[in-house]
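Where a number appears in this text, it was derived from the coordinates with a stated rule and is not lab data. Since the structure is predicted, the reported quantities are computational estimates derived from the model, not experimental observations. Here the Cβ positions follow ideal geometry from the backbone for every residue, glycine too, while neighbour counts run over all protein chains shown.
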Amino acid sequence: MLLTIMTVLLQVTEGAASFSELGAAFAASFTAIGAAYGISRIGASAMEAIARQPEASGDIRSNMIVSAALIEGVSFFAVIVCALVLFV
Amino acid sequence: MPLPGKWIYYLILLVFCQIKIVSAQEVGYYEKHTPADEHVEEEFDAGKFVIEHVLDAYDWHIASLGDKHYSIPLPIILYSSKPELHNGKKFHVFMSSKFHHGHSDYKGFRISHTEKHNNKIVEVDQQGNELGRPVDLSLTKSVAGAIFASLVLLLVLFAAARTAKRNKGGAPKGIQNLIEPVIIFIRDEIAKPSIGPHYTKFMAPLLSLFFFILLNNLLGLVPIFPFGANVTGNISVTMVLALFTFFVTNVKGNANYWKEIFNPDVPTWLKIPVPLMPFLELTGLITKPFVLMVRLFANMLAGHLIITVFISLIFIFSNLMGATAGFAVSPVSVAFSVFIMLLDVLVSFIQAYVFTLLSAIYFGMATAEHH
């Protein structure tokens, strides 16, 4: 329903913004949601693990940072693709 | 021969004494703005402002006070295959001040403002049509920033090595106190667990990668000359760093490594008649350094962009709702910028660590023995 309204609006305001820009903006925001969800799960399980075994907190912290950086890397791929759509 | 620490110091001093901050007036060209230009000056083009601050440039822009632009010219090195357009010479070296901030042509070259070659040097023929790009080997802002960071690294690391050599077995002194824990960290947490017993051969590329990436990330955050060049936010630079990892991995790959790629331990129907698994492994060979490149580039570029956008918020608001709105937004904007800058310091360390860690893991996979 929301999407039909938006597509109708887009047709009316022809030339102001095109479908490709709408798609790129949506894709970037969904990527942000996906990355935030993934990294929040890592953070939550890391907190739990530290609570169970506080002396392993150094190890757990390094692994958490590595996993978060890897997931962020994937999300940056999507951001780069959206930026390419918008500006190239 | 003694370690060249002092010589590097003198070299840095020598290089920087030669640099003159050139204002547009000194080179004999006054940036005169016509009334039409004056009106355009009033509008603050946020997109252009932000993009100019993170992209590469042919001179190092220091400040713009009203009409006058102060910048440090950098050498431009060009090789053209059409010498008839450029006074008969193929190889050109000159300072970027000859272009007068992109407003005039010089010897058949021009800084283009078209969409295709925006802000890059193009060749022009007699009528003024833009033909194409020559081979461009200029010392641009990113290159100058990388060279400066490398000089700082040489200075610091050689000093640390010299003190370490002098008091062998004693307590560390001076700059050694700063560098040695980092090197021990890379050896014990990154190299030894990932590579195994023969890690010493790979310490040189890992240490070089880590220190280069870390220092360039950090120096890119300080806005004052000679820091503040966006080196690692440039995809060419990160591509070269990823290529280092790629070449070291594949040159040092042993027979076991190549066997795992071309003849992995999978059911035969995945290998013959259509080599599915080898194809997958080969794409993995390319994507792993590619991901390294994009991760570092995107993280650094995003950080610099966000800081610049927060600062330019002040000017956007003052354009939109008058000067008082700009003043009101300033504390919020500056607070956000400081917060993001601190976050970016953390991200610099994390990205350098992750790049080095993943490179170490790839080196370890390349030289692993069959288990």
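Using only alpha carbons, the stretch A:21-83 has a radius of gyration to Kirkwood radius ratio (Rg to Rh) of 1.15. Scanning chain B for DSSP H helices at least 27 Å long along the axis (C-alpha atoms) with a Kyte-Doolittle mean no lower than 1.0 picks out B:141-166, B:276-321, B:323-366. Diffusion of the stretch B:27-140 by Stokes-Einstein, at 10 °C in a medium of 1.306 mPa s and with Rh set to the Kirkwood radius over alpha-carbon pairs, works out to 104 µm²/s. Each eigenvalue of the Cα gyration tensor of the protein assembly as shown, multiplied by 5 and square-rooted, gives one semi-axis; in descending order these are 40, 32, 27 Å.
Can you compute the label reach from B:I286? Point 7 Å from Cα along the Cβ direction, backbone N cut-off under 17 Å, restricted to the stretch B:219-255. Under 17 Å, as judged by backbone N against the label point of B:I286, lie B:239-240, B:242-244, B:246-247, B:250 of the stretch B:219-255. Normalising the average separation of contacting C-alpha pairs (under 8 angstrom, six or more residues apart) by the number of residues puts the relative contact order of chain B at 17 percent. Taking GluC sites (Glu not before Pro) in DSSP loop conformation with at most 13 other Cβ atoms inside 10 Å as exposed sites, chain B has its longest uninterrupted site-free stretch at B:116-368. Look at B:Y199, B:Y58, A:Y37, B:Y70 and count the other Cβ atoms within 10 Å of each Cβ; fewest to most, that gives A:Y37, B:Y70, B:Y199, B:Y58. Look at B:L270, B:L209, A:L2, B:L218 and count the other Cβ atoms within 10 Å of each Cβ; fewest to most, that gives A:L2, B:L270, B:L218, B:L209.
Summarising the overall dimensions of the stretch B:84-233 from its C-alpha atoms, the Rg and Dmax are 22.6, 72 angstrom. With all pairs of separate Cα atoms included, the stretch B:142-366 yields a Kirkwood hydrodynamic radius of 20.2 Å.
Exposure proxy shown here: for B:D344, B:D56, the number of other Cβ atoms within 10 Å sets the order, fewest to most, as B:D56, B:D344.
Need one word for the stretch B:165-213: rounded, prolate or oblate. Basis is the Cα gyration tensor (sqrt eigenvalues a ≥ b ≥ c); a/c below 1.5 gives rounded, then a/b vs b/c decides. The shape class here is prolate. Calculate the FRET efficiency for B:A368 and A:S20 from the Cβ-Cβ distance with a Förster distance of 51 Å, rounded to the nearest 0.05. According to the calculation, E is roughly 0.70.
Kirkwood-type hydrodynamic radius, the stretch B:227-307: 14.7 Å, calculated from all non-identical alpha-carbon pairs.
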